[in-house]
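Single-structure report; data block below.
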Amino acid sequence: MKIRVFENYNKEYPEDKIVCLNTYSENDITQFIVFIKNVIKNPNLEHNLSKENFIDSDINLFFQLDEKDVGIEKKQGNYICKLTLTAYENIIELLYKDDLSKGYQWLYDTLSQYELLLSNKCKW
């Protein structure tokens with residue numbers, strides 16, 4: 001699985017940005033589900049997705065459990081996804097969907113500048 005960031009891709013809406021999880025296998029999805037479950041079980045630990053063995057990326061994408069669905073923020077060159085327990089549970093449910101290799105799936109709905117997209121070919 002890779003992490004790719006799209007900024008300034010839409011001239012009409014320059015404020016819209018996307019963090020895309022892409023180029024993944026079924027095994028990567030399974031490991032991502034385990035990763036999200038660890039975020040839920042261990043909310044006080046630092047959870048950097050890019051440090052996981054199944055990730056091929058130098059983009060630091062941290063996941064944190066929060067009281068509000070903040071979404072992804074960019075701070076000091078790092079991307080930090082702050083979501084509630086319910087939002088993370090919804091992501092897990094979406095990841096269990098059949099055949100994620102086709103099409104795309106937005107993983108949350110917040111007012112954040114950055115959207116989180118799961119798309120094997122980075123298309124939506």
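The values are calculated or read from the model by the stated rules, or taken from the named source; none is laboratory data. What you see is a predicted model; the values in this text were computed from it and never measured. Cβ sites come from the backbone with ideal geometry, for glycine too, and all protein chains shown count toward neighbours.
Checking the structure you have, find out if any residue of region 22-42 is closer than 16 Å to residue 113 by Cα, in a strand (DSSP E or B) and within 11 Å of the chain's Cα centre (by Cα). Working first, answer last.
From region 22-42, those closer than 16 Å to residue 113 by Cα are none; that's our starting set.
No, region 22-42 contains no residue that is closer than 16 Å to residue 113 by Cα, in a strand (DSSP E or B) and within 11 Å of the chain's Cα centre (by Cα).
Any residue that is in a helix (DSSP H, G or I) and out of contact with any Lys or Arg (no Cβ under 9 Å at 6 or more places or on another chain) - is there at least one of those in region 4-21? First the steps, then the outcome.
Residues of region 4-21 in a helix (DSSP H, G or I): none.
Checking region 4-21: not a single residue is in a helix (DSSP H, G or I) and out of contact with any Lys or Arg (no Cβ under 9 Å at 6 or more places or on another chain).
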Check: If you scan region 71-124, which residues turn out to be loosely packed, with under 14 Cβ neighbours inside 10 Å and assigned to a strand (DSSP E or B)?
Finding: 75, 78, 106
Next item on the list: Please enumerate the residues belonging to region 78-124 that are under 10 Å from the mean Cα position of the chain (by Cα), among the acidic types (Asp, Glu) and closer than 14 Å to residue 35 by Cα.
Entry: none
Notebook entry, point to check: residue 17 passes all but one of (1) modelled with pLDDT of 95 or more; (2) buried (at least 19 other Cβ atoms within 10 Å of the Cβ); which number fails?
Noted result: (1)
